[in-house]
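The structure under discussion appears below in the form of structure tokens.
The values are calculated or read from the model by the stated rules, or taken from the named source; none is laboratory data. Not measured: the values here are computed from a predicted model. Backbone-built Cβ (ideal geometry, glycine too); neighbour counts: all protein chains shown. Ligands, DNA and RNA are excluded from the accessible area calculation, which covers all protein heavy atoms including side chains. Shrake-Rupley method; radii C 1.70, N 1.55, O 1.52, S 1.80 Å.
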Amino acid sequence: RLIRQEHGMTKSASACFDKVAIEEFRPKLSKYAMIHFVAMGAHEKYGWNKNSDSFTRDELIKHHPSFVKHAHLFREHRNHDPALAIGIIKASGYNHDMDRVELLVWLDRDKAEEEYQKAASGKELSGSMACKIPWDVCNCCDKKSRTRRDYCDFMKHSATRYIPELRKY
């Protein structure tokens, strides 16, 4: 959601970032608008995404600062060239009440006019994540695989399906 300042008050809804943090990270240039973005939720509460990817609560708590260090906001997986970024991640926090990572993002109004207008009208923005990890881990057999070619049969054929004999997904 777009974070606005109206009549001297900052309108926002986040247990993750208080008004002081929001003011600290507010863009100084009018070229940018600040967006509150929900990045991802913990596996324990939200499960997997459509690609059967997820991160545990402990991993998100430990690694969410990497969003500020390494990430940008892109449109639809066009994430190989930082010059194509439409936003800059300025702050990251773990919302323990909601079990999710939340971000404060500077949206570039020139590169992201459509997204800005959508946010300004109160509509939610969606996004996608990409990350580099050393391996995927199967939830059933704990096999670590560097590539999809190395996946176990559970990951190849049954990702996110319940396996009754193992009592696992």
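Quick one: would you say ALA159 is at pLDDT below 90 and touching a Ser or Thr at 6+ places or on another chain (Cβ under 7 Å)? Quick ask: steps written out before the conclusion?
Working: at pLDDT below 90: yes; touching a Ser or Thr at 6+ places or on another chain (Cβ under 7 Å): yes.
Here the answer is yes, as ALA159 does meet what is asked.
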Mind telling me which of the residues ASP58, ASP97 ends up being assigned to a helix (DSSP H, G or I), at negative phi and surrounded by fewer than 12 Cβ atoms within 10 Å (Cβ to Cβ)? ASP58
Restricting region 25-55 to residues that are among the polar types (S, T, N, Q), more than 19 Å from GLU115 (Cβ to Cβ) and open to solvent by 70 Å² or more (accessible area, probe 1.4 Å), the one nearest to the chain's Cα centre (by Cα) turns out to be ASN49
Kindly list, by first and then second residue, each pair from a residue in region 67-80 that is at positive phi to a residue that is open to solvent by 60 Å² or more (accessible area, probe 1.4 Å), limited to pairs with Cβ atoms under 7 Å and residues at least 6 apart or on different chains. HIS77/ALA130
How many residues does region 100-133 hold that are in a loop (DSSP other than H, G, I, E, B), open to solvent by 50 Å² or more (accessible area, probe 1.4 Å) and within 14 Å of LYS31 (Cα to Cα)? 3
Pairs under 9 Å by beta carbon, first residue over 12 Å from ASN139 (Cα atoms) and free of Cβ contacts under 8 Å to residues at least 60 places away in the same chain in region 45-58, partner assigned to a loop (DSSP other than H, G, I, E, B) and among the aliphatic types (A, V, I, L, M), six or more apart or different chains? LYS45/MET98; ASN49/MET129; ASN51/ALA159; ARG57/ALA42; ASP58/ALA42
Does at least one position in region 93-101 carry a residue that is in contact (Cβ under 8 Å) with a residue 24 or more places away in the chain, of a type in the set (Asp, Glu) and in contact with a helix residue (DSSP H, G or I) (Cβ under 6 Å, 6 or more places away or on another chain)? yes
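Looking at region 61-80, which of its residues are open to solvent by less than 100 Å² (accessible area, probe 1.4 Å), in a helix (DSSP H, G or I) and not small (Gly, Ala, Ser)? Write out each step before concluding.
Filtering region 61-80 down to residues open to solvent by less than 100 Å² (accessible area, probe 1.4 Å) leaves 61, 63-68, 71-75, 79.
When the remaining residues are screened for being in a helix (DSSP H, G or I), the result is 61, 63, 66-68.
Listed by number, the residues that qualify are ILE61, HIS63, PHE67, VAL68.
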Go through the residues of region 103-120 one by one and say whether even a single one is of a type in the set (Lys, Arg) and without any contact (Cβ under 8 Å) to a residue 12 or more places away in the chain. yes
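Return the residues of region 139-169 that are of a type in the set (Phe, Trp, Tyr) and in contact (Cβ under 8 Å) with a residue 12 or more places away in the chain; say none if nothing qualifies.
Taking region 139-169 first, the residues of a type in the set (Phe, Trp, Tyr) are 151, 154, 162, 169.
Hits for region 139-169 are TYR151, PHE154, TYR169.
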